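Where a number appears in this text, it was derived from the coordinates with a stated rule and is not lab data. Being a predicted model, the structure only gives us computed values, none of them experimental. Please note: Cβ atoms are built from the backbone with ideal geometry, for glycine as well, and neighbour counts cover all protein chains shown.
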């Protein structure tokens, strides 16, 4: 039986454990955890194979790591603490499942890179898009040479649930590192995974056109006199939009962080470049997440929301369409493969399919994108630059 300890039993980690990991019915068990709120964490442990009363609680991660003989550890704390906890786990050579972003500052990224080089344990970074069926199919086609060497990529993410990044704790960039690290880190990772090239420089731009305003910093929707008319209030979204609100903090307050649209251009060592854009006020059927990979012989494109992958041969009149089932688990089936891989890593039978160095590479791109957007200039993609 593989024994897992959890640092930060939050919503994402709790869902992964009860909805994915335990549903695989493998020989794994959660034996210990640490969390800022023990009672709330135990309340999230609702699964027939979870017995909250027997799972040991520790006040600190160090105490848990020093007291338990763990086969693996999962980190699901707030984003700006990921690195410090990861370093503690890797220092003890314990296989690690690390939620993204792996770091929120360049300094943390350097510390994590050093810890990764010093450990014998492998890390599985929470990048479920790269392990989803549609990316695996795309990579297989591209690697076969069917559409030629990729010379250009156009990628996009129109987030239909973008309100959560302005109505909840996600709007605090000092905690999250901003929306390049929250969203683009996934997309830039799967692009990097498919291409296999080294990025050398980038430029980025971000704008904040919708989610801004001069409302008081601590204002919540129920306390606002505009609650019944504001299209972003919890009441309005539930009553008129039949939508699911993601918090009641005013998204038009002076405390609302995060851009609401942004773009990045990345040049690679081969000379080709990638363009990526993300948007957070698109809704419902305007949702879109995927990319176009263009070679001289053909173009491959896919969209996770439709589950379709198309191959256009430039010299042939017929396109090929693949319809993939992406419902095996959350994140378009990618979470299931991540958990299977983590179990294999803990057992010593598999190598990580989402290794730490790739998490570091993606976080570096995002941090450099934020730097470029802030300074209005190109940025070299170097950890020491």
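Run the numbers for residue 107 and residue 321: contour at 0.36 nm per residue of separation, minus the present Cα-Cα distance, in nm. List each step's numbers first, then the result.
Numbers: separation 214, 0.36 × 214 = 77.04 nm, distance 4.46 nm.
Length gained between residue 107 and residue 321: 72.6 nm.
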Checklist outcome for this item: Counting only backbone N atoms under 11 Å from a point 7 Å out along Cα-to-Cβ of residue 382, the residues of the stretch 261-286 in range are none
Next on the checklist: Using alpha carbons only, how many angstrom separate the centre of the stretch 292-362 from the centre of the stretch 1-15?
Outcome noted: 25 Å
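Return the FRET efficiency for the residue pair residue 296, residue 161: r is the Cβ-Cβ distance, R0 is 35 Å, and the value is rounded to the nearest 0.05.
The calculated FRET efficiency here is 0.40.
Which order do 205, 64, 1, 74 fall in if you start with the one that has the fewest other Cβ atoms within 10 Å? Can you show the working numbers first?
On the way: 205 15, 64 22, 1 9, 74 26.
By the 10 Å Cβ count, ascending, the order reads 1, 205, 64, 74.
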Checklist entry - How far is it, in nm, from the label point at residue 46 to the one at residue 269 when both lie 7 Å from their Cα along the line to the Cβ? => result 5.0 nm
Checklist outcome for this item: Taking the alpha-carbon centre of each part, the distance from the stretch 120-182 to the stretch 63-96 in Å is 24 Å
Next on the checklist: For the chain, place one equal point scatterer on every Cα, skip the solvent, and apply the Debye formula. What is log10 of I(q)/I(0) at q = 0.06 Å⁻¹?
Outcome noted: -0.24
Next on the checklist: Of the candidates 151, 209, 337, which one comes out as most mobile in a Gaussian network treatment of the chain with C-alpha springs shorter than 10 Å?
Outcome noted: 209
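In which sequence would 368, 183, 241, 212 go, from the one with the fewest C-beta neighbours within 10 Å to the one with the most? List each step's numbers first, then the result.
Details: 368 26, 183 22, 241 13, 212 17.
Ordered from fewest to most neighbouring Cβ atoms within 10 Å, 368, 183, 241, 212 come out as 241, 212, 183, 368.
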Item to check | Simple label model, 7 Å out from Cα along Cβ direction - residue 143 to residue 200, nm | outcome: 2.6 nm
Checklist outcome for this item: the stretch 168-182 scanned against label point 7 Å out from residue 223 along Cα→C-beta; backbone N under 18 Å for 168-172
Next on the checklist: Can you sort 169, 304 from fewest to most other Cβ atoms within 10 Å of each residue's own Cβ?
Outcome noted: 169, 304
Next on the checklist: With a 10 Å cut-off between alpha carbons and a GNM built on the chain, which of 138, 111, 242 moves the most?
Outcome noted: 242
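Out of all DSSP beta bridges in the chain, what portion is antiparallel? Express it as a percent rounded to 5.
The antiparallel proportion sits near 60 percent.
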Checklist outcome for this item: Among 170, 276, 322, the residue with the largest mean-square fluctuation in a Gaussian network model of the chain built from Cα contacts under 10 Å is 322
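222 nm [θ] for the chain, helices only, -39500 (n - 2.57) per DSSP H run of 4+, per residue, to 500?
Numbers: 12 runs with 111 residues, N = 385.
Computed mean residue ellipticity for the chain: -8000 deg cm²/dmol.
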Checklist outcome for this item: Once both label points are put 7 Å beyond Cα along the C-beta direction, the residue 207-residue 39 separation in nm becomes 4.7 nm
